[in-house]
Amino acid sequence: MNNAKLGGLFTFPGAALTVHRMGYGAMQLAGPGVFGPPKDPEGAVAVLREAVAAGVNHIDTSDFYGPHVTNQIIRKALHPYPAGLVIVTKLGARRPADGSWQRATSRQELTEGVHDNLRNLGLEALDIVNYRAMGSIHGPAEGAIAEQVTVLADLKREGLIRHIGLSNVTAAQVAEAQGITEIVCAQNNYNVAHREDDALIDELGRQGIAYVPFFPLGGFTPLQSSTLAGVASRLGATPMQVALAWLLHRAPNVLLIPGTSSLAHLRENLAAGELRLTAETLRELDGIAAEAAGK
């Protein structure tokens, strides 16, 4: 695929890292509930190899997926890594034997998390590490993150991390982190129906900072899904492809990391980078968020 088909290019600020805007999220390579190994390990390897062969050079992962599973699969599939591949990982959680999600935010836990990622990915330094603030099931929650970001900044000075990002954070937390170190990306829940981060996306865009939405189809009502499906039918696309294409149209600093363990779905997701939406179609899709807000 050429650059245009993968949504064009984006260069992280202050970094010699340029990626296609259509990337890949590795979370679904783990077993059910993002815990344990996948049912088809070789299939997971095949998905990663096809993604990279198609031009994807931005992979999002974490060593607490599995735990350790997705990073080990990435290493098996792609190591030694091709030139230009950017692997973004995240810290802030751990997965004990019961499969629960627990905070891991102390200096020791964050440091151990970096070394776990390095070991399982087979790297000497991590391209980008996001600190993921746990927040709540409803989204990010205000609260100081300076202590955790300071730890990552120290690890960056040690040469174990090249760049730092954030995940599940508020605008105030982004500003707090920027007072400590350069932030190259932020990763939050955002899609055509849930647009609470519109102002944050625009502000990050003015600074040249990447915004990476997760759950591109999460939390839709049946009515909103119907609207999206109608647009998709007219365009000869799937609702997921339209949702992804809308995100690419939203702002040039938006990067996508749709995840799948299926080769067919991978191909569908990457094809969304070719979908062109007219101004009229964009207005119709923008109405989905108005419905969600009760307007």
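Comparing Cα centroids, the range 218-295 and the range 127-156 end up 29 angstrom apart. Listed by Cβ neighbour count within 10 Å, with the fewest neighbours leading, 147, 50 appear as 147, 50. Taken over the range 218-293, the convex hull of the Cα atoms encloses 101 Å³ per residue.
Residues 12, 215, 64, 35, arranged from fewest to most other Cβ atoms within 10 angstrom of their Cβ, appear as 215, 35, 12, 64.
Cα convex hull of the range 42-192: mean projected area in nm², to one decimal? Write down the numbers at each step before the final one.
Working: hull surface 39.2 nm².
So the mean shadow area of the Cα hull is 9.8 nm².
For the chain, averaging the sequence separation of C-alpha pairs within contact (under 8 Å, six or more residues apart) and dividing by the residue count gives a relative contact order of 18 percent.
Considering only 204, 29, 91, the mean-square fluctuation computed in a Gaussian network model of the chain, springs between alpha carbons under 10 angstrom, is largest for 204.
Computed from the Cβ-Cβ distance with R0 of 30 Å, the FRET efficiency linking residue 276 to residue 144 stands at 0.10. Have a look at 103, 157, 132 and tell me which one the Gaussian network model of the chain (Cα, springs below 10 Å) gives the largest fluctuation. Greatest mean-square fluctuation among the candidates belongs to 157. Other residues lying with their Cβ under 15 Å from the Cβ of residue 35 contribute a combined charge of +1, Lys and Arg counting +1, Asp and Glu -1. Beta bridges from DSSP with both residues in the range 114-202: antiparallel share about 10 percent, rounded to the nearest 5. Of the GluC sites (Glu not before Pro) found in the range 190-295, the ones in coil according to DSSP and having at most 16 other Cβ atoms within 10 Å of their Cβ are 196. The DSSP beta bridges internal to the range 1-130 are antiparallel in roughly 35% of cases.
Taking label points 7 Å from Cα along the Cα-to-Cβ direction, residue 202 and residue 262 give a separation of 3.7 nm.
Give the order of 81, 211 when sorted by the count of other beta carbons within 10 angstrom, beginning with the fewest.
So the ranking, lowest neighbour count to highest, is 81, 211.
Among DSSP beta bridges whose residues both lie in the range 7-292, state the antiparallel percentage, nearest 5.
20 percent
Computed from the Cβ-Cβ distance with R0 of 35 Å, the FRET efficiency linking residue 106 to residue 83 stands at 0.45. Only one item in [x] 0.99; [y] 1.07; [z] 0.94 matches Rg/Rh (Cα atoms, Kirkwood Rh) derived from the coordinates shown, and that item is [z].
Since every read-out is calculated from the coordinates, none of them should be taken as a lab result. Since the model is a prediction, treat every value here as computed from it, not as a measurement. No Cβ is skipped: glycine too gets one built from the backbone with ideal geometry, and neighbour counts run over all protein chains shown.
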